[in-house]
1. Restricting to the range 125-149, name every residue that is surrounded by 20 or more Cβ atoms within 10 Å (Cβ to Cβ) and closer than 21 Å to residue 71 by Cβ.
2. Which residues, taken from the range 150-167, are within 15 Å of the chain's Cα centre (by Cα) and crowded, with 17+ Cβ neighbours inside 10 Å?
3. So which strands (runs of 3 or more DSSP E) stay within the range 40-141 end to end and still have 2 or more residues that are in contact (Cβ under 8 Å) with a residue 60 or more places away in the chain and either closer than 26 Å to residue 173 by Cβ or more than 17 Å from the chain's Cα centre (by Cα) (or both)?
4. In this structure, does residue 151 turn out to be under 30 Å from residue 1 (Cα atoms) and either in contact with a strand residue (DSSP E or B) (Cβ under 8 Å, 6 or more places away or on another chain) or not in a helix (DSSP H, G or I) (or both)?
5. Test residue 158 against the stated conditions and say whether it is more than 30 Å from residue 1 (Cα to Cα) and out of contact with any helix residue (DSSP H, G or I) (no Cβ under 9 Å at 6 or more places or on another chain).
6. Given the residues 130, 163, 148, which is the only one that is more than 25 Å from residue 198 (Cβ to Cβ) and either touching a helix residue (DSSP H, G or I) at 6+ places or on another chain (Cβ under 8 Å) or modelled with pLDDT under 95 (or both)?
7. For residue 118, are the conditions met, namely being closer than 16 Å to residue 91 by Cβ, crowded, with 18+ Cβ neighbours inside 10 Å and modelled with pLDDT of 95 or more?
8. Checking the structure you have, find out if any residue of the range 15-26 is assigned to a strand (DSSP E or B), without any contact (Cβ under 8 Å) to a residue 40 or more places away in the chain and within 26 Å of residue 190 (Cβ to Cβ).
């Protein structure tokens, strides 16, 4: 129960990575407000799972792609829990397409939904943390897309790399307030969104081709968030934690390793 008594807000938490973060924060003892665009069956199911863990959980709907809505969500979350110690910022919008034909409107929408939304939410929460004093923890969900330029993802790659730069800058500015600001870079995670994009067959088969032999789970990301939000990570700020089961290293794994070279005899040095 490393987060016992802590108060957390997790955005985009009805399903997928946001849900995994909310569940693991609650499992570690935190009281959690989850946010999603509107009240829906997935949000209510997640809320029921959180409460089944024995922790207080609340749901606050709101479109975090809109700045005014972000302010309302933060205000309501504070009203429900009394304060906020933790923010897990998990907004995302992604549509794949070839660069030469990619619609500029879609590019801007992806930046607003994946990067700008995180700025709005974190600014309101950080202002609250600074005003009340006592530090805090902000965790942004970025992606392996921040460092690997996957094809057909020009807008999402740019947005997720922007999340890293933004989190580092915010971390630098909030140092005097003892607010830890970090990011998580998930690899290929088994989420409803991935299954909708690639199909169940591709997702089920894809894990075996990964270095760790499986896809990541939402709980893998949630446990990383718990670590970064705990006192165990008190001395960590302005960094990004890659949680990808070695996918980033895949290109470094040789197909076949040559035998080790034998040392030449009769030579010194």
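1. Hits for the range 125-149 are 125, 126, 129, 136, 137, 138, 139, 140, 141.
2. 156, 157, 159, 160, 161, 162, 163, 164, 166, 167
3. Result: 86-89, 136-141.
4. Judged against the criteria, residue 151 is not a match.
5. Details: more than 30 Å from residue 1 (Cα to Cα): yes; out of contact with any helix residue (DSSP H, G or I) (no Cβ under 9 Å at 6 or more places or on another chain): no.
Taking the combined requirement at face value, the residue does not satisfy it.
6. The match here is 130.
7. Criteria met by residue 118.
8. no
The values are calculated or read from the model by the stated rules, or taken from the named source; none is laboratory data. Just so it is clear, the structure is predicted and the values come from calculations on it, not from any experiment. Every residue, glycine among them, receives a Cβ derived from its backbone with ideal geometry; neighbour counts consider all protein chains shown.
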